[in-house]
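Just below is one structure, and these are the notes that go with it.
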Amino acid sequence: MAEALLAVSGITKRFGGLTALEDVSLSVSPGDIYGLIGPNGAGKTTLFNILTGVYACDTGKILFKNKYLQNTKPHEVASAGIARTFQNIRLFANMTALENVMVGRHVRTRTGVIGAILRNRVTRNEERATEQRAHELLDYCGIAPHANALARHLAYGDQRRLEIARALATEPSLLALDEPAAGMNATETGALRGLLERIRADGITLLLIEHDVKLVMGLCDRLAVLDYGRKIAEGTPAEVQRDARVIEAYLGTGATEAAEAADAT
Amino acid sequence: MRRFDLEHWGKFLLLAIALVALPFLIDAALGRAWVRIIDIALLFVMLALGLNIVVGFAGLLDLGYIAFFAVGAYSYALLASPHFGVHWPFLALLPIGAMFAAVFGVLLGAPTLKLRGDYLAIVTLGFGEIIRIFMNNLNRPVNITNGPQGITLIDPLQVAGFSLSKTYMLGGLTLAPVHLYYFVFLACALLTIFISLRLENSRIGRAWVAIREDELAASAMGINTRNVKLLAFAMGATFGGVAGGLFASFQGFISPESFALLDSIMVLAMVVLGGIGNVGGVVLGAILLTALPEALRYLGPMQEQWLGRVVVDPSGLRMLMFGLALVLIMLFRPAGLWPSKTRQRELAGLTVQPAASGKHDG
């Protein structure tokens, strides 16, 4: 844990009188799949939005690759190497799948107005590389056959994959996925799991909000559990599963005894 | 890799000949007034393409676009007329007008960055009116714009003693000022078409469309939405500014009433009717909407010819028919006369896609 890729410490965020997050800290090691779970309204997506610059936090620090990122603009966060997907899919609906991924290359390319108008050799080469990389990423995520379909015409599961492909196009060190398996059936979730493991194997650290407990427990190296804006547990899936406060948050008071009783038998 | 295939270049050559011959053919067939209308149409092509960058590509509804046309026109007029006694050459003035307009584009864009849709429309509408009212009132205490009287005797385009306001004879052809301006405007319009197309299919163009589609997702993909939006305002304004300068030199006279809200709406109508976001459609919209009100002037003589007398006053009927035409176009072609590539693909995608996804599943 000495060299954390992402170290979040003491994040607090209030919306008016509501404290969405209170003193949340967590630390993600490079190469991990780090899960963020918790009941609805626990503050998971708020934490994501703070991490990616959509919201500013009231207090706290975000250290990513030895750079402080709290209250940085979303495009600067992307440039620093954090890419994300959205809980409610936010693709560029009227652009093709290929164009969606090409937009993801924006932050790693340079062509400006003059270059675009003159279309000189540098621009042409960059444009060709952008398109080629986009094709590779579509293929990587298993949606190459839909390259020229409009994003909004893709099947739901493919839209989720396209969001991942678009995020990967920004060459992130950390990929933050907000409920990637939401609404997927067992087969689709299985395929998604394969994709996520492949992304990890290619050296990208994953931060994952997910409700599918089976997926989270099987996939994640470490987990943090949020409840009412506080981190109530952190550890390996096995540790978290046995944590009394986690069981209580999910199943209510009294559930701990029931779980222990069930364990004893 | 550039392909020099004969058919391609043949078509290109035919189009070039047609464009060169056009003013003379129109002159012969319809009269010189129509050449003038074509000239104005070309200016509107530039304007509509400029607005298309803001509204069509970046999705920022701008109802005060004519202000940039005004800025371009006034910066030309003030620096090339007896009003201040300054007569700068137009080759210097066009870039100055473009730059001025771009600065105003950024000035308008900066405070509106967080606004979208209706709110942005209201603010831009206000901006357009502010510029017009400024032009109207900046004659006191120091007379800058000459107020509602406008600026007269603006210099025509002139290069090395060759003035576009004179008539020349070339072989058997009479080259009147309207013909000469046609070629200048055509060159400028073609250049704006070229720039629009290049920008559309570039990293910048994709960023604009991404912002139109989903601003939050665009910023999460690393697009600096502030800069990219300001760039759209500046580029759009630049086109408007150049068109304004050309307009001032062509008319020789400008006044604030040339830049009213209705003109902003007209340019927007060209963009929407032609096919928002599609360069070809916008060009078509600009030409049609400039020519249609003029063509409807013939309603008077037509009534005389067919009915023996003028039954309905043509000036009233003209705008009625114009409005009716707009309504009909929007009813039958809701995406515009020539919809953008995206919309075409959308239609094509409906037939292609099931096969593609079937292949994927199997």
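No value in this document is a laboratory result; all are computed from the given coordinates. All of these numbers come straight from a predicted model, not from anything done at the bench. Backbone-built Cβ (ideal geometry, glycine too); neighbour counts: all protein chains shown.
Can you find, among A:211, A:192, A:180, the residue sitting farthest towards the positive end of the charge dipole of the stretch A:163-220, where Lys and Arg contribute +1 and Asp and Glu -1 at Cβ? So the residue we want is A:192.
Rg and Dmax of the stretch A:93-165, based on Cα coordinates, read 13.0, 39 Å.
Averaged across the residues of B:200-210, what count of C-beta atoms belonging to other chains lies within 10 Å of each residue's C-beta?
Numbers: counts 1, 3, 10, 15, 7, 1, 10, 2, 0, 5, 10.
Shielding by partners across B:200-210 averages 6.
Peptide B:332-338 has a mean shielding of 0, counted as Cβ atoms of other protein chains within 10 Å of each residue's Cβ. Remark: the stretch B:269-279, residue by residue, has Karplus-estimated 3J(HN,Hα) of 4, 4, 5, 5, 5, x, x, 4, x, 10, 4 Hz, where x stands for each Gly or Pro and the curve is 6.51 cos²θ - 1.76 cosθ + 1.60 at θ = phi - 60°.
The distance from the alpha carbon centre of the stretch B:222-267 to that of the stretch A:2-29 is 47 Å, rounded to a whole number.
With the highest mean first, a sort of the peptides B:160-173, B:70-83 on other beta-carbon atoms found within 10 angstrom per residue produces B:70-83, B:160-173.
Taking the stretch B:31-67 and a reference point 7 angstrom along Cα→Cβ of residue B:187, the backbone N atoms nearer than 20 Å belong to B:36, B:38-47. Rg/Rh for chain A (Cα atoms only, Rh after Kirkwood) is 1.01.
Can you check what the Kirkwood hydrodynamic radius comes to for the stretch B:31-361, Cα pairs only, in Å to one decimal?
Numbers: mean 1/r = 0.0471 Å⁻¹.
Hydrodynamic radius (Kirkwood, Cα only) of the stretch B:31-361 equals 21.2 Å.
Here the stretch A:157-186 and the stretch A:34-90 have alpha carbon centers that stand 15 Å from each other.
3J(HN,Hα) couplings calculated from phi for the stretch B:96-105 with the Karplus curve 6.51 cos²θ - 1.76 cosθ + 1.60 (θ = phi - 60°) are, in sequence order, 5, x, 4, 5, 3, 4, 4, 4, 5, x Hz; Gly and Pro show x.
With R₀ set to 60 Å, the beta-carbon distance separating residue B:328 from residue A:25 gives a calculated FRET efficiency near 0.40. Using alpha carbons only, how many angstrom separate the centre of the stretch B:64-142 from the centre of the stretch B:182-216? The distance from the Cα centre of the stretch B:64-142 to that of the stretch B:182-216 comes to 21 Å.
If R0 is taken as 51 Å, the Cβ-Cβ distance between residue A:245 and residue A:156 corresponds to a FRET efficiency of 0.90.
Here residue B:229 is the anchor, and the lysines within straight C-alpha reach of less than 24 Å, apart from those fewer than 8 places off in the same chain, are A:73, B:114, B:341. Listed by number, the DSSP H helices of chain A that run 20 Å or longer by alpha-carbon position along their axis and have mean Kyte hydropathy of at least -0.5 are A:186-201.
Determine the shielding of peptide A:88-97 by partner chains: average, over its residues, the number of Cβ atoms on other chains within 10 angstrom of each Cβ. Before the final figure, lay out the partial values.
Numbers: counts 0, 2, 7, 4, 10, 4, 9, 8, 4, 0.
If you average over the peptide's residues, the count of other-chain Cβ atoms is 5.
Looking at the stretch A:1-110, the GluC sites (Glu not before Pro) that sit in a DSSP loop and have at most 13 other Cβ atoms within 10 Å of their own Cβ are A:3.
Taking Cβ atoms as reference points and 13 Å as the exclusive limit, the residues near residue B:264 contribute a net charge of -2, counting Lys and Arg as +1 and Asp and Glu as -1. For residue A:231, the lysines whose Cα comes closer than 23 Å to its Cα, not counting residues fewer than 8 places off in the same chain, are A:13, A:44, A:61, A:65, A:214.
Excluding residue B:301 itself, what net charge comes from residues whose Cβ is under 14 Å from its Cβ, given Lys and Arg +1 and Asp and Glu -1?
Working: positive: B:297, B:309, B:318; negative: B:294, B:304, B:313.
For residues surrounding residue B:301, the net value is 0.
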